[in-house]
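Everything on this sheet refers to the single structure shown next.
The values are calculated or read from the model by the stated rules, or taken from the named source; none is laboratory data. These figures come from a predicted structure and were not determined experimentally. With ideal geometry, Cβ positions are generated from the backbone for all residues, glycine too; neighbour counts draw on all protein chains shown.
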Amino acid sequence: MKKIAIYGKGGIGKSTTTSNLSAALSKKGYKVMQIGCDPKSDSTKELMRGVKVPTVLEQIKKHGKEVALKDIVFEGYNGVLCVEAGGPTPGIGCAGRGIITAFEKLQELGAYELFKPDIVFYDVLGDVVCGGFAMPIRGGYADHVLIVTSGEMMSMYAASNIVSAIQNFGKRGYAKYGGLILNSRDIENEYELVSKLAQETNGPIIGVVPRDGIIQKAELLDQTVVEAFSDSEMAHCYKQLAEKVLEVCPHV
């Protein structure tokens, strides 16, 4: 089982990228589970045709100790298993706590043993790499970390911070840094800027996602590009990226 955390600054397109990777890999015959680790709880929306699934925190609050896997794991596009950790009421409690609680509950209920996914994606907000948001790196959950970035300064700054966290935890044998995914914003010298970041962080650019309006068209349909426009150049791009992800994140 490959366990891959995908980090990135909020709004960088990390969830869209992750969902299209999940869809592309499911089309190749892999059993994929995607776990949304963002308080917005919208990581899997495109895989669920626009439906925001109940979060683990919501279901624990509703069902208590009686919560079951059927309450927190939902089947989306092409069999992709969708989970949303959830977060507290805004202004009350720690958002990272939802991730910790969700991970513990999935383990307690034997989710990985029952569903036997080939690939697990953790879609993690990367603005703050502390507390629950660091769980995929330091908790022994993810084996590899990929970072979605653009050439924008704040996006690259967040990426650099995430790499620093990976390196700190990596000394203890936790998740390894796999490289960068460039989600293009068409800014001047973008590839060169991100290439420099890749050199500084000792990780490759594993793929480039071009800026294309078809991504927004798919989102308006509440679908991934891989589902909505399966024969498009963008769908092919995501499929190529999925192949690269398999390459840089070997089974451990």
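Of the numbered conditions (1) among the polar types (S, T, N, Q); (2) surrounded by 23 or more Cβ atoms within 10 Å (Cβ to Cβ); (3) not in a loop (DSSP other than H, G, I, E, B), residue 43 fails exactly one; give the number of that condition.
Of (1) among the polar types (S, T, N, Q); (2) surrounded by 23 or more Cβ atoms within 10 Å (Cβ to Cβ); (3) not in a loop (DSSP other than H, G, I, E, B), only one is false for residue 43: (3).
When you check residue 225 against the structure, is it among the β-branched types (Val, Ile, Thr), closer than 16 Å to residue 126 by Cα and out of contact with any Asp or Glu (no Cβ under 8 Å at 6 or more places or on another chain), yes or no?
Spelling it out, it is not the case that residue 225 is among the β-branched types (Val, Ile, Thr), closer than 16 Å to residue 126 by Cα and out of contact with any Asp or Glu (no Cβ under 8 Å at 6 or more places or on another chain).
So that you can scan it fast, the table gives a plain yes or no per residue for (1) in contact with a Cys (Cβ under 8 Å, 6 or more places away or on another chain); (2) of a type outside the set (Lys, Arg); (3) in a loop (DSSP other than H, G, I, E, B); (4) without any contact (Cβ under 8 Å) to a residue 40 or more places away in the chain:
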{"residue": "4", "(1), (2), (3), (4)": "yes, yes, no, no"}
{"residue": "12", "(1), (2), (3), (4)": "no, yes, yes, no"}
{"residue": "15", "(1), (2), (3), (4)": "no, yes, no, no"}
{"residue": "19", "(1), (2), (3), (4)": "no, yes, no, no"}
{"residue": "25", "(1), (2), (3), (4)": "no, yes, no, no"}
{"residue": "30", "(1), (2), (3), (4)": "no, yes, yes, no"}
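If I filter segment 77-109 down to residues being among the polar types (S, T, N, Q) and farther than 13 Å from residue 59 by Cβ, which single residue comes out as modelled with the highest pLDDT?
Let us first name the residues in segment 77-109 that are among the polar types (S, T, N, Q), namely 78, 89, 101, 107.
Filter once more, keeping what is farther than 13 Å from residue 59 by Cβ: 78, 89, 107.
Working: 78: 98, 89: 62, 107: 93.
Only one residue fits best here, namely 78.
Is at least one residue of segment 218-240 under 19 Å from the mean Cα position of the chain (by Cα), part of a helix (DSSP H, G or I), modelled with pLDDT of 95 or more and within 19 Å of residue 9 (Cβ to Cβ)? Outline the logic, then answer.
Pass one, segment 218-240, residues under 19 Å from the mean Cα position of the chain (by Cα): 218-219, 222-227, 234-235, 237-240.
With the extra rule that they be part of a helix (DSSP H, G or I), the set shrinks to 218-219, 225-227, 234-235, 237-240.
If we keep only those that are modelled with pLDDT of 95 or more as well, we get 218-219, 225-227, 234-235, 237-240.
Then drop every residue that is not within 19 Å of residue 9 (Cβ to Cβ), which leaves 219.
Yes: segment 218-240 contains one or more residues that are under 19 Å from the mean Cα position of the chain (by Cα), part of a helix (DSSP H, G or I), modelled with pLDDT of 95 or more and within 19 Å of residue 9 (Cβ to Cβ).
Residue by residue, here is whether (1) exposed (fewer than 14 other Cβ atoms within 10 Å of the Cβ); (2) in contact (Cβ under 8 Å) with a residue 60 or more places away in the chain; (3) among the charged types (D, E, K, R) holds:
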{"site": "201", "(1), (2), (3)": "no, no, no"}
{"site": "207", "(1), (2), (3)": "no, no, no"}
{"site": "217", "(1), (2), (3)": "no, no, yes"}
{"site": "223", "(1), (2), (3)": "no, yes, no"}
{"site": "227", "(1), (2), (3)": "no, yes, yes"}
{"site": "235", "(1), (2), (3)": "no, yes, no"}
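Can you go through 186, 231 and tell me which one is among the acidic types (Asp, Glu) and within 22 Å of residue 22 (Cα to Cα)?
231
The rows are residues; the columns are (1) of a type in the set (Gly, Ala, Ser); (2) surrounded by fewer than 21 Cβ atoms within 10 Å (Cβ to Cβ); (3) farther than 22 Å from residue 135 by Cα.
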| site | (1), (2), (3) |
| --- | --- |
| 6 | no, no, no |
| 20 | no, no, yes |
| 49 | no, yes, yes |
| 58 | no, yes, no |
| 64 | yes, yes, yes |
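Would you list the strands (runs of 3 or more DSSP E) that sit entirely within segment 51-158 and hold 3 or more residues that are under 19 Å from the mean Cα position of the chain (by Cα) and touching a residue at least 60 places away in the same chain (Cβ under 8 Å)?
119-125, 144-149
Can you name the residue in segment 121-133 that is farther than 21 Å from residue 182 by Cα and buried (at least 21 other Cβ atoms within 10 Å of the Cβ) and, of all such residues, is modelled with the highest pLDDT?
So in segment 121-133, the residues farther than 21 Å from residue 182 by Cα come out as 130-133.
Of the ones still in play, those that are also buried (at least 21 other Cβ atoms within 10 Å of the Cβ) are 132-133.
Working: 132: 71, 133: 79.
Restricting to residues being farther than 21 Å from residue 182 by Cα and buried (at least 21 other Cβ atoms within 10 Å of the Cβ), the top hit is 133.
Would you point out the residue of segment 23-60, among those that are touching a helix residue (DSSP H, G or I) at 6+ places or on another chain (Cβ under 8 Å) and among the small types (Gly, Ala, Ser), that is farthest from residue 218 (Cα to Cα)?
Going through the qualifying residues, I end up with 36.
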